[in-house]
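**Q** If you scroll down you'll find the structure; I have some questions about it.
Every number here is computed from the coordinates shown, using simple stated rules; none is lab data. Just so it is clear, the model here is predicted, and its values are computed rather than measured. Cβ: placed from backbone, ideal geometry, glycine included. Neighbour counts: every protein chain shown.
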């Protein structure tokens, strides 16, 4: 998702667009939303709730697709596109059963593999209550941290903006640092998940 497209959408539609944007790319949107909370454009509580729902709802949908896919071969064919063999799929299902929290954390940070991993949670036949019991606290914590980071950067931007004519470079630098860190953490999570599954 293009960051340049997110900012005008948030300014134009505010809360109405937060849920769909979070559905598509929650972590990036939450950082930008934190900047807007710091500026007073958005209020903290409704922003936080909409961002969390925009993450929990798709996670639950992917889990549901996994449940439906247990009786249909289409999901197995879909997962093979991401390099999941039958053996690896069985290993991942075992991880979901035995290490649910670790599996949730890995699936949330394994950028590019998150959707198929969440589907395997449904395939692993874990109860929806257990799935949500682990997913909801992770999402609530993740978005609290991301909003706080965005808010702190927004506050710093406002303070520095009083002294620096063009502080846009600072925001760009902060976003680049976060995206780089997010990329490296997600790559590490992918490798850790593949090691666990073998």
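**Q** For region 138-148, enumerate the residues that are within 13 Å of residue 105 (Cα to Cα) and either touching a helix residue (DSSP H, G or I) at 6+ places or on another chain (Cβ under 9 Å) or in contact (Cβ under 8 Å) with a residue 40 or more places away in the chain (or both).
**A** 138, 139, 140, 142
**Q** Could you identify the single residue in 43, 30 that is closer than 18 Å to residue 151 by Cβ and touching a residue at least 60 places away in the same chain (Cβ under 8 Å)?
**A** After applying the criteria, what remains is 30.
**Q** Here's another thing I want to ask about it. Provide a single number: the residues in region 110-138 that are crowded, with 22+ Cβ neighbours inside 10 Å and part of a helix (DSSP H, G or I).
**A** Of the residues in region 110-138, 10 are crowded, with 22+ Cβ neighbours inside 10 Å and part of a helix (DSSP H, G or I).
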